[in-house]
1. Hey, what did the stretch B:2-74 get for relative contact order, percent, Cα under 8 Å, at least 6 apart?
2. I'd like the GluC sites (Glu not before Pro) in the stretch A:466-551 restricted to DSSP loop residues with at most 12 other Cβ atoms within 10 Å, sorted by number.
3. Can you grab the distance from the C-alpha centre of the stretch A:306-337 to the C-alpha centre of the stretch A:138-159, Å, no decimals?
4. Apply the Karplus curve 6.51 cos²θ - 1.76 cosθ + 1.60, θ = phi - 60°, to the phi angles in the stretch A:617-630 and return the couplings in whole Hz, x for Gly and Pro.
5. Taking the convex hull of the Cα atoms, report for the stretch A:175-239 its projected area averaged over all directions, in nm².
6. Select from the stretch A:186-224 those trypsin sites (Lys or Arg not before Pro) which occupy a DSSP coil region and have at most 12 other Cβ atoms within 10 Å, ordered by residue number.
7. Report, please, the projected area of the stretch B:2-74 averaged over directions, based on the convex hull of its C-alpha atoms, in nm².
8. For the stretch A:607-677, taking Cα atoms only, what is the radius of gyration to one decimal and the Dmax to the nearest whole Å?
Amino acid sequence: MHDSFLASLARDPGPSRRSFLVGATALGSSLVVGFAVKSDGAPDAAKPGANPFVGYVQIAADDTVTIYSSQMDMGQGIYHGIATLVQEELEADWSKVTVVGGAGNTALYGNIPFGGKIQMTGGSSGTASSWERYRRAGAAARAMLITAAAERWNVPVGEIKAENGVVSHPSGKSATYGALAASAANGPVPTSVTLKQPGEWKYIGNATLARYDSRPKSNGTQRYTIDLREPGILTAAVIHPPLFGATLKSFDASKAKAMKGVVDVVEIPRGVAVVATGMWEAMKAREVVSVEWDDTKAEKRSSGEIAADYRAAAEKGGEVVAANVGDTDAAFSKAAKVIDARYEFPYLAHAPLEPINAAARMNPDGTLEVWGGHQMPDLYQAVAAKVAGITPDKVILRVMKTGGGFGRRASVDADIIVEAVATAKALGWKAPVKVQWTREDDMRAGRYRPAFIHKMKAALDENGNLIALRDTLVGQSIAKSTVMEGALVHNGVDVLSVEGMANQPYAIPNLRVDLTTTASPVSVLWWRAVGSTHTAYALESFIDEIAHAAGKDPVAFRLAMLKDKPRHAAVLQLAAEKAGWNSPTPAGRFRGVAVAEAFHSYVAQVAEISVDNNGLPRVHRVVCAVDCGIAVNPDQVRAQMEGGIGFGLGAILKSRITLDKGKIVQGNFDSYDVLRINEMPSVEVHIVNSSAPPTGVGEPGVPPIGPAVANAMFEATGRRIRILPFANSENS
Amino acid sequence: MRITLNGQTSELDVDADKPLLWVLRDDLGLVGTKYGCGQALCGACTILVDGQPVRACQTTIADAADRSIVTIEGLSGKVAEVVQATWTRLDVPQCGYCQSGQVVATTALLTANRKPTDTDIDDALSGNLCRCSTYHRIRAAVHEAAKLLEA
């Protein structure tokens with residue numbers, strides 16, 4: 001897979017067979033900035049190094065504007081964000097704007113913060129990646145429409161206005177964008193465009209654009225991969241090995257094949273697929289397939305044993321060094337006070353509400369369509385091609401909106417894509433096949449937020465200053481042994497393991513962060529906010545503990561060490577001020593604070609809690625301050641902070657994946673508990689006014705909530721929660 | 001098997017033990033009702049049976065026979081309209097996958113209780129999971145819809 005992926009990066013699709021820039025295309029009178037599309041509306045493969053705004057916007061004769069998004073929308077609202085960027089410069093009729101997923105062209109859709117060599121949605125980079133290119137696309141399209149109108153009316157370009165989907169001239173002449181699209185398509189593509197100055201923005205930074213997909217998502221008409229109704233489509237339920245690392249030995253499907261609605265039962269790379277006319281028929285038949293597994297190489301430990309192994313590894317110190325500043329040994333030897341703590345984090349499942357799925361169909365023309373939540377399209381295209389035995393240019397990816405994701409749809413081994421294509425292939429390509437996991441399949445299939453342990457130690461001088469900090473982390477690497485290893489593992493350190501800790505923000509003169517990377521067949525993956533889901537909890541809980549040991553206010557203690565980190569300091573001060581940090585809390589209420597940077601956005605949160613009869617926190621209110629640079633859609637920023645807080649809160653309070661002799665104990669939402677409405681605090685979001693380029697908000701709302709609540713729990717009970725989740729017998 | 005679905009009565013030739021969820025989705029193509037857990041643990045498949053919110057994944061077609069079934073596609077009337085309009089205006093959905101269930105459950109709540117308290121909302125909706133945690137806006141939208149219905 002590694003080789004095929006690299007090959008896909010290196011491949012040059014060559015000159016497009018179609019007119020590369022705008023012009024008469026299969027869509028006839030559409031203006032496509034500035035790049036041909038196929039008759040089915042999917043962007044064609046164009047050669048790399050193209051005009052920077054090609055392939056992003058299409059204006060049709062009926063005035064509809066279709067934007068091709070390089071970023072997959074899993075609910076974070078990036079389609080709306082990208083549409084806002086285009087709209088700012090294009091000034092179309094907003095009611096005619098839609099967004100679809102674009103894929104299959106790295107030159108156009110490569111993720112800029114990740115170097116532009118791979119299309120992917122992740123690392124909260126969607127807005128940063130789109131900021132220039134989609135505004136330029138909108139501006140170029142608008143300029144071309146104006147030029148076309150100027151020629152048609154024989155008037156100077158400078159006298160023409162274009163807004164709300166209409167081009168007009170003071171003489172009274174006017175035409176809709178759609179009416180000019182064909183002429184504009186035959187005109188020249190501007191080699192440069194001038195973007196609006198911030199003072200001219202109508203939409204960026206305002207809440208004036210209604211989110212275009214709220215209506216279909218409120219009336220049941222939004223479609224997801226699970227809803228595909230292609231003619232003749234079959235549904236497959238899969239049987240995965242019960243232990244990680246086990247492989248298929250043999251299976252007997254004779255009973256299943258005799259059942260109503262069952263089409264076939266086939267072997268696929270990770271197990272067996274039971275293919276039927278519908279999901280119910282597939283699930284029922286799956287129960288009577290008998291399977292033998294080879295578990296020689298399987299993980300057979302229980303969670304308690306894994307934790308014991310991690311603790312033992314932490315005692316030995318990390319095998320590789322991730323950060324080393326000053327001389328921690330010397331600092332500890334002269335410390336007035338030393339504090340120790342160990343924090344333990346479980347495996348976590350993403351558990352998006354739409355269980356993982358994908359569908360594949362081989363077409364008579366030799367193209368393979370693959371539907372799914374394609375978070376890493378270039379990789380999936382290469383993998384699908386390899387499984388199908390065709391070239392990647394024959395793979396057409398249909399990017400679907402997904403029912404959540406939280407990182408799970410960016411599977412580095414393209415697991416669900418492999419299963420969908422392999423199942424359709426095993427059926428001789430006779431029908432489109434959708435592989436649909438059940439909730440239990442989804443929860444037990446791995447790709448978890450890795451379990452981690454942090455063994456921490458701090459030294460204070462006689463004035464209560466933090467003079468040294470040590471952290472030894474133990475846990476699995478997400479990037480190691482994957483296509484991402486080269487980019488993310490440096491000198492044995494997976495940056496995803498230590499992000500938020502190795503680059504911690506406080507002015508601490510002596511710092512040492514080291515890491516032991518463990519190995520297990522249990523697969524791990526990025527989970528919303530990735531390393532910061534545990535590093536921020538460990539760091540911000542421990543800093544709070546140190547502040548108390550030093551007899552200092554937790555906010556003031558942090559601010560004193562953030563003098564060179566103005567953006568951290570600003571959000572911390574803003575959250576504290578808005579939460580009334582220095583005023584007394586109501587009776588029975590307690591506050592805690594935390595601040596963290598993730599993916600270049602800065603978030604501080606103050607949680608206000610009470611403690612319930614079970615000794616668990618009830619979080620009443622969260623005040624959140626965020627600096628994400630320019631807030632393109634402020635309401636979207638607020639929505640992502642609200643959602644990030646709820647997502648993170650549920651996890652720290654209640655969620656964990658555990659193993660019993662290798663088997664995953666949890667299977668559904670009864671045993672893997674997540675946040676419910678009765679546990680959701682009221683959330684107040686304050687956005688820092690900024691002129692910095694925009695950064696992401698999908699993930700950065702998650703990291704601070706855990707430690708903010710844990711620190712409030714300490715205020716309430718004097719007890720530190722060191723083993724997650726809170727609802728965990730080891731904490732009582 | 002005879003069912004009355006979104007106001008239309010029809011005969012269906014399906015196994016009696018087949019969950020309504022899969023009849024709706026796979027046999028009838030009404031895919032607005034979502035699968036999330038199959039165990040009545042998430043609420044994504046909430047529909048109305050004789051006006052009461054139930055989980056379609058744990059309701060067999062035999063259970064639903066001769067009753068009035070309403071799915072998100074057939075939701076109608078003043079309460080439903082106000083709920084959906086408020087959901088849209090407050091931009092409640094993120095991924096949107098749970099929202100059919102949330103909207104159906106809220107419509108049932110506001111039909112029975114025109115002025116729900118926060119506790120009433122918790123009781124009615126705590127079985128409807130939202131992994132995007134849009135709960136903050138769901139609560140605001142329920143109160144807002146109640147206000148609009150009162151006016």
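Coordinate-derived values only; no laboratory data. Please read these numbers as outputs of a predicted model, since none were measured by experiment. Don't worry about glycine lacking a Cβ; one is built from the backbone with ideal geometry, like all the others, and counts go over all protein chains shown.
1. 41 percent
2. Those that pass, being in a loop and sparsely packed, number zero.
3. The stretch A:306-337 and the stretch A:138-159 have Cα centres spaced 65 Å from each other.
4. x, 10, 8, 8, 8, 10, 9, 10, 10, 9, 10, 10, x, 5
5. Mean orientational projected area (the stretch A:175-239, Cα hull): 10.9 nm².
6. Answer in residue order: no site qualifies.
7. Value for the stretch B:2-74: 4.0 nm².
8. Radius of gyration, then largest Cα-Cα span, for the stretch A:607-677: 16.1, 49 Å.
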